[in-house]
1. What lysines does B:Lys178 reach when the alpha-carbon gap must be under 27 Å and sequence neighbours fewer than 8 apart in one chain are set aside?
2. So how do A:His109, A:His158, B:His42 line up by other beta-carbon neighbours within 10 Å, fewest first?
3. If you take the square roots of the eigenvalues of the alpha-carbon gyration tensor of chain B and sort them as a ≥ b ≥ c, do you get rounded (a/c under 1.5), prolate (a/b over b/c) or oblate?
4. Any idea how far the Cα center of the stretch A:67-122 sits from the one of the stretch B:120-156, in Å?
5. Would you please give the FRET efficiency between A:Ala264 and A:Asp74, computed as 1/(1 + (r/R0)^6) with r the Cβ-Cβ distance and R0 = 60 Å, to the nearest 0.05?
6. Out of A:Tyr34, A:Tyr153, A:Tyr182, any idea which swings most in a Gaussian network model of chain A, alpha carbons joined below 10 Å?
7. Which of rounded, prolate, oblate describes the stretch A:89-198, given a ≥ b ≥ c as roots of the alpha-carbon gyration tensor eigenvalues and a/c under 1.5 marking rounded, otherwise prolate only if a/b is larger than b/c?
8. Residue by residue through A:84-95, how many Cβ atoms from other chains fall within 10 Å of the Cβ on average?
There are 2 protein chains.
Amino acid sequence: MFYLIGLGLGNAKDITVKGLEIVKKCDKVLLEGYTSILTVGHNVLEEFYGRPIIIADRELCESHIDSFLMEAQDNDIALLVVGDPLGATTHTDMLLRAKQLGVRTEIIHNASIMNAVSCCGLQLYNFGETISIPYWTETWKPDSFYEKIIGNYTRNLHTLCLLDIKVKEPTEESLTKKVRQYMKPKFMTVCEASTQLLHIIKEKLNSGLTEDTLAVGLSRVGAPDQRITVRSLKEMQNHELGPPLHSLVIPSPNLHPLELDYLAQFR
Amino acid sequence: MFYLIGLGLGNAKDITVKGLEIVKKCDKVLLEGYTSILTVGHNVLEEFYGRPIIIADRELCESHIDSFLMEAQDNDIALLVVGDPLGATTHTDMLLRAKQLGVRTEIIHNASIMNAVSCCGLQLYNFGETISIPYWTETWKPDSFYEKIIGNYTRNLHTLCLLDIKVKEPTEESLTKKVRQYMKPKFMTVCEASTQLLHIIKEKLNSGLTEDTLAVGLSRVGAPDQRITVRSLKEMQNHELGPPLHSLVIPSPNLHPLELDYLAQFR
C-alpha cells in the first residue's frame, strides 16, 4: 500500500491520529520536502515517530518514485507531505502512476494553507482563484497572476497568493554539467511579494489596485509563532514578518462587517 | 482558554495528535453539530476520547455560547467542529466574542471539504469561488449561486458546490409557539442538487451549462466509504451516491490533461 499523508502546517503533532498510526507501521517513510516546508526539522519528526525518514527531493519525487511504488506492491510505504497531500500536482501524478503499477493507495488529508488561511477572519467562500507569485529574475518577470487577482477583486473576492519557494534548485550554470550544484533555499517574503506587486501596479495604472490597497500578510500559519498583519501594500513592502513560510492575501474591496471586525485586530 | 478544534472529515481518528491531547485535558468538551456532521456517532468520539461530550446545536452556538466563554476565562473549554473550525461564520464570530470577554483562544486546524475535494483529481488552484446550494421550498427558489458557477465556468475554473444540510431546524408552524418543534434532519444529495441545477439551466438557456455538462459527485470525502462519480448533470440527477454528506463539483470546461486522466477513473 502507498500512503500519502498530510502533516498539516505546524509541528510534529499536527499529523492526525490515523496518520501517525500508519507512519508507525509502515516499512518505509519518505518526507517530501520541496513543495512546502515544515516549521520543525525532520529530526523532530523522526524522534516523534520513532522511525527513520528518507528525504524525498524533487528529483526523487519526479524521476525515481517508481522504485518506491514498486516496493509498495508488497510493502507499506508512506510519503509525508506538509499541509494536505493533494495541494501539489506532483502527488496527483504519483497516485495515477501507482494505479498503473497496480499499487493500492490511501490519502490522509490534513489542513493546508488553502483552508487555514481563514485564521485571518476572511471567509473561505469569499475567496476566488488562488494564485502563485514566482520569484522574478533579471530576465524573467511574469505577471499573468496579476490579471487573476484583478479578476477576483472586481468580483469582490479575496485572493490567496502562495509565495514562491526554492528548495534544492539546481543553479543555472550546473544544468548542463554532470554534477548538479544547488542554490541556497529561499522563501519569498510578504515584503518581496508586495514589492513585485507594486512594480506591476506602477506599470498598469488604473487596473483596480493601488499602493494603498489593503493586504493581509501571514507567516507560519498553524504554528505557535504564527503572525498576521493587515496594512497597505506600500507598507507591507517594508514589513518584516519573520521566518518562512509567508502568504499574502489581497482582500476583496467590500468586506463583510464580521471580516472587517476580525481583521481590525491585526492592523 | 477556549479551543476551536477541527475534527477533519472521516472518523474519530482524523483529529490531530495535538487536538486529541487538548481534548483529553479540557474541563468541558462541546461538539458543534449543525454546520456539518460526522460520519460516526458522537458516542464513538466519547469512547475514543474517554470524555463526555456536550452537543452544541445552533441555539447554543448562536445564543448561549457566552456562558461557556465566561467559563473559559478560568477553565479549558474545547468546541469540536467537523472539518476545519473556521469553515463557518459562526465560529469566527465566537472568536471575536471571546476576545471581547478577555478569553484566550487557540485554533487547531484540520482538513475540510474546501481542500479535501482535491481527492477527485481537480487541482485546488483551478477552483473559483465556492458556492452553497440551498434546499428549495414551494415558495422560495433562490438561484443567485448559479451566476457564480457561470462566473467560474467562463473563466475556466471549477466550482465546489456545498450542499444544504438541515439539522435541528424549527418547523415553520412552531416558530411562533413557545415550544419549538424540529424537522427531521436532511442532507441534500447530488441527485437533488443536480435536479435544482437542471431546473435553472432550463430557465436560462444559453447560459453556458447544459444538461450534458460534466459534474463530479462526491460523498463522505475522507471516510473509508468515500465515493466519487463523474457523469453529466442529466445522469447525476438519477445517481444515488449513498449516505451523506454529499458535494458536487462543476469542473471547468477545459481540463488539464492530468485532471482528465484522474477523473477518468470515476466515469
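1. Counting by Cα, and skipping residues close in sequence, B:Lys178 has these lysines nearby: B:Lys166, B:Lys168, B:Lys186.
2. B:His42, A:His158, A:His109
3. Prolate, because a/c is 1.5 or more and a/b exceeds b/c.
4. 27 Å
5. Between A:Ala264 and A:Asp74 the formula returns 0.60.
6. In this elastic network of chain A, the residue with the biggest mean-square fluctuation among A:Tyr34, A:Tyr153, A:Tyr182 is A:Tyr182.
7. oblate
8. Counting other chains' Cβ atoms within 10 Å and averaging over A:84-95 gives 5.
Since every read-out is calculated from the coordinates, none of them should be taken as a lab result. Since this is a predicted model, take the numbers as computed values, not measurements. Ideal geometry is used to build each Cβ from the backbone, glycine not excepted, and the neighbour counts take in all protein chains shown.
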